[in-house]
Number of protein chains: 2
Amino acid sequence: MSTIVSVDVSDVRFPTSQSLDGSDAMNPDPDYSAAYLVVRTDAGDGHEGHGFVFTIGRGNDVQLAAIGAVAEHIVGREVEPLLDDMGAASAELIGDSQLRWLGPEKGVMHMAIGAVVNALWDLKAKRAGMPLWQLLARMSPEELVSLVDFRYLSDALTRDEALAILRAAEPGKAEREAQLLESGFPAYTTTPGWLGYSDEKLARLCREAMADGFTQIKLKVGADLDDDIRRFRIAREVCGPDFPIAIDANQRWDVQAAIDWVQALAEFRPHWVEEPTSPDDVLGHAAIARGIAPIPVATGEHVQNRVVFKQLMQADAISFVQIDATRVGGVNENVAILLLAAKFGLPVCPHAGGVGLCEAVQHLSMLDFVAVAGTREGRVIEFVDHLHEHFVTPTVIEGGAYRAPLTPGAGTEMLAESVRDYTWTGAHRVATAAG
Amino acid sequence: MSTIVSVDVSDVRFPTSQSLDGSDAMNPDPDYSAAYLVVRTDAGDGHEGHGFVFTIGRGNDVQLAAIGAVAEHIVGREVEPLLDDMGAASAELIGDSQLRWLGPEKGVMHMAIGAVVNALWDLKAKRAGMPLWQLLARMSPEELVSLVDFRYLSDALTRDEALAILRAAEPGKAEREAQLLESGFPAYTTTPGWLGYSDEKLARLCREAMADGFTQIKLKVGADLDDDIRRFRIAREVCGPDFPIAIDANQRWDVQAAIDWVQALAEFRPHWVEEPTSPDDVLGHAAIARGIAPIPVATGEHVQNRVVFKQLMQADAISFVQIDATRVGGVNENVAILLLAAKFGLPVCPHAGGVGLCEAVQHLSMLDFVAVAGTREGRVIEFVDHLHEHFVTPTVIEGGAYRAPLTPGAGTEMLAESVRDYTWTGAHRVATAAG
């Protein structure tokens, strides 16, 4: 038996607002940041659990305070019982009735739970000597289902249905794991499409994306329609008539505005329209989906939990499910969302970028391919070429695909010197208290 | 001109878990708490703005950290431009794109915005020499509409429709204000219905509620069906066949479980069924509403923002709109929700109790009566007889109705000695890190 002796947190912020990388219609000047934690034990095996919440700057300290409140549950606890029943561990954190009042299961407190859960998964995978995707994919259907909180899901997905989905994916798991190790998981890139870039840079980056083997790109839209038409035309000309080009409005529109704006871009045939409106607006997404059909809607990076994902699927509001590694309650809730997507027959195409989101979320798509959906057909993981150098096991992209990581863990560990060098001191802060 | 010189925060927690007051199916041991702030200026007029977020204990410090992050926007600002355009002030706080990532518009960060907005309203009302309800009710339709953020609402409520609603309520405002001052606003009481009480205490408190003139009571349900049947039967016997008795499940059920449980209580004719399932589950509430009709559904105390309220109304999921003073983005967003309710023809029956929620939310119902819905017919404000003694202007209940407060301000100011005496020191904490 060993004990969790500490959870240490760090306020890590990168000064990304000094370039325009990451600028979109709602987030003009993000400082990509991580509310970061390390779980340490007295096992003497050298293993730590690392996790984080991705934020875009101010408020990273608030997120850390929340992680601290959640982490009180695990400090001093025996390691093995926690890691042996990750369903119970997650349920305990979510079930703290006093903390629950601050959500429930949404926003700062829920992301804090997710970070702690993910750090425990990182620790568990390291102790098992496997990358997280493999650890999860090799679990039995019963073990995977035990991770899921079915509360509020049973009108769409029961435990028995989830078991049936996983059992149906059992044949071929070994073969798909071999395929994954051979050819990885397809990626698409948002690098060309940030709003702050010049037309020349946009065209050049589109050419580079195709040359690098990416099979899809994405453009940010929603700030100015004329700009969007011009930029989409450039991208379409560079990439050719059939190359998938998605667009992303980052919640910019109301329902009718979304429909009108997308119709004005329809001639360029968007592969999907991402976050057309509020992530809370299930019925709004459904109305937009009807209004722009057959152009499909995608969302998820700001979807707060499985309950909202469930409804987006029930309402035929989305065609692509964009899970995020640090928005919901961690690996466990993302397994629930993978199962919901499988039930509704929808492809999971994760949101990534930010700080470490690529490193973390690839494990979930790889689980999905090997053991849940059983296919990577029509699936892509977002890739943004930012800040990977700060991670111990940075993503490896080859031929437009994520190579399956082999290093044990969840991919969530930053280099100690990066944590040290970018710990927040106020130095790169430009905004003042007066906004 | 004067300047906001400081925003001071206090971590105020009352040891309510030592009794079973406030226990329900999801919250067995709440310590009613307030993440409290005071806005001070150099105007020399003696006026301060007080606001808070109600929490139930652990995490109150996280909520304070969020209030601190939001308050940076107003410290050092000139008072008059902020208070003269409260629509802009609210929009600025909600529009901080870096903080927005931590919501958006939900959970800890959104409640922090609400607390700061409410403190500014308290200051504005004190400077105007009016109770908040009167200050708001005497605004012109144009002024009231200027408070509202219509983003994500326009598919259900446009600015022009809101203006029309308010203009339709203009005739009779003075008369309704006089009626309000004369006879107050109807209240209902949850005091008899907490799960922790004995049958004898339940029966006694039901009798007392009727003797005190309350025209409705509410019982907590959802922990044990046999208990609920027994308790509802006692309440029905004490109160008689026609007295309105609502029930409140505090999010305990999945969709089918809610339908089944409520059907098992249908013989006692619940006046409404409150929070049958996740506050995020619009489609679930709608399915429950269809499944238990004609028994009506109520919800709102955990509804995170106007976007979810909008959908609950669009989906015919609720029959009663239970706004809360400190869950959403403050007075401004609650005005939006009052307008949505008026558009959909639904009565607003606020959630209250906790710490100071009665003191704060009464102003919004009184605004609703005088200037928005134009009626108090079928409306009741929850009343729980806890902790009022800690407020400078405690609610006054007479004949089962809230008397309209006359003291300038928003009702959100606690006694300085209460803040001092109940500032958190860890003393009443019983729960350990191991939960």
### Distance between region A:39-66 and region A:319-348 - C-alpha centres, whole angstrom
23
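If you place +1 on the Cβ of every Lys and Arg and -1 on the Cβ of every Asp and Glu, how big does the dipole about the Cα centre of region B:165-415 come out, in debye to the nearest 20?
Working: 22 positive and 34 negative charges, 100 e Å.
Dipole size: approximately 480 debye.
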### Query
Across region B:293-301, in residue order, what do the Karplus-derived ³J(HN,Hα) couplings come to in whole Hz, using 6.51 cos²θ - 1.76 cosθ + 1.60 with θ = phi - 60° and x for Gly and Pro?
3, x, 5, x, 9, 10, 7, x, 4
### Query
Distance from the Cα centre of region A:212-245 to that of region A:153-178, in angstrom?
36
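Once you sort the root eigenvalues of the Cα gyration tensor of region A:165-415 as a ≥ b ≥ c, which label holds: rounded (a/c under 1.5), prolate (a/b larger than b/c) or oblate (the other case)? Please report the intermediate quantities before stating the final value.
Details: a/c = 1.72, a/b = 1.22, b/c = 1.40.
Taking the square roots of the gyration eigenvalues as a ≥ b ≥ c, region A:165-415 is oblate.
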### Virtual spin-label span in nm between B:L406 and A:E398, 7 Å along Cα→Cβ
8.2
### Task
List A:M139, A:M313 from most exposed to least, where exposure is judged by having the fewest other Cβ atoms within 10 Å.
A:M139, A:M313
#### Entry: In sequence order, calculated HN-Hα J values of region B:208-213 (Karplus, 6.51, -1.76, 1.60; Hz; x Gly/Pro)
5, 4, 5, 5, 7, x
#### Entry: Copies compared at A:E377 - label distances in nm, ascending, label defined 7 Å from Cα in the Cβ direction
6.0
### Message
Measuring nothing but label to label, 7 Å from Cα along Cα→Cβ, what are A:D85's distances to the other copies in nm, shortest first?
### Response
5.8
### Query
For B:L225 and B:E377, what is the calculated FRET efficiency with R₀ set at 30 Å and r taken between the beta-carbons, to the nearest 0.05?
0.35
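FRET efficiency for B:T215 and A:V75, Cβ-Cβ distance as r, R0 = 41 Å, nearest 0.05?
Between B:T215 and A:V75 the formula returns 0.25.
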### Message
What is the distance in Å between the Cα centroid of region B:72-143 and that of region B:286-308?
### Response
28
### Query
What spacing in nm lies between the two simple spin-label points modelled at B:R207 and A:R207, each 7 Å away from Cα in the Cβ direction?
9.0
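Tell me, what is the FRET efficiency for B:Q18 and A:E389 to the nearest 0.05, using R0 = 45 angstrom and their Cβ-Cβ distance as r?
The computed FRET efficiency comes out at 0.25.
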### Query
Amide H of B:I323: which non-local residues (sequence gap of 5 or more, or other chain) have their own amide H closer than 5 Å, using H built in the peptide plane?
B:C349, B:H351
#### Entry: 19 Å Cα-Cα reach of B:K310 towards lysines, excluding residues that sit fewer than 8 places from it in its own chain
A:K106, A:K310, B:K106, B:K343
#### Entry: Nearest-20 debye value, chain A charge dipole, Cβ charges on Lys, Arg, Asp, Glu
380
### Task
Would you kindly calculate the translational diffusion coefficient of region A:8-103, applying Stokes-Einstein with the Kirkwood radius from alpha carbon pairs, for 25 °C and a viscosity of 0.890 mPa s, and quote it in µm² s⁻¹ without decimals?
160
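Relative contact order for chain A: what is it in percent, counting Cα pairs under 8 Å that are at least 6 residues apart?
Numbers: 905 pairs, mean separation 87.1, N = 435.
It comes to 20 percent, rounded to a whole number.
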### Query
Using a simple spin-label model with points 7 Å from Cα along the Cα→Cβ vector, what separation in nm is obtained for A:E143 and B:E182?
7.4
#### Entry: Per-residue HN-Hα couplings for region B:6-11 [Karplus 6.51, -1.76, 1.60; θ = phi - 60°; Hz; x = Gly/Pro]
7, 10, 9, 10, 9, 9
## Note on the structure
Applying the gyration tensor rule to the Cα atoms of the protein assembly as shown (axes a ≥ b ≥ c; rounded if a/c under 1.5, else prolate if a/b exceeds b/c, else oblate), the class is prolate
### Query
So for B:L205, A:L364, fewest C-beta neighbours within 10 Å to most, what's the order?
B:L205, A:L364
### Message
Can you give me the long-range amide H partners of A:G409? Hydrogens built in the peptide plane at 1.01 Å from N, cutoff under 5 Å, separation of 5 or more residues or another chain.
### Response
A:K126, A:M130, A:L132
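Values quoted throughout were computed directly from the atomic coordinates according to the rules given, and no laboratory measurement underlies them. None of these values were measured; they are calculated from a predicted model. Heads up, the Cβs are rebuilt from the backbone with ideal geometry, glycines too, and the neighbour counts pull from every protein chain shown.
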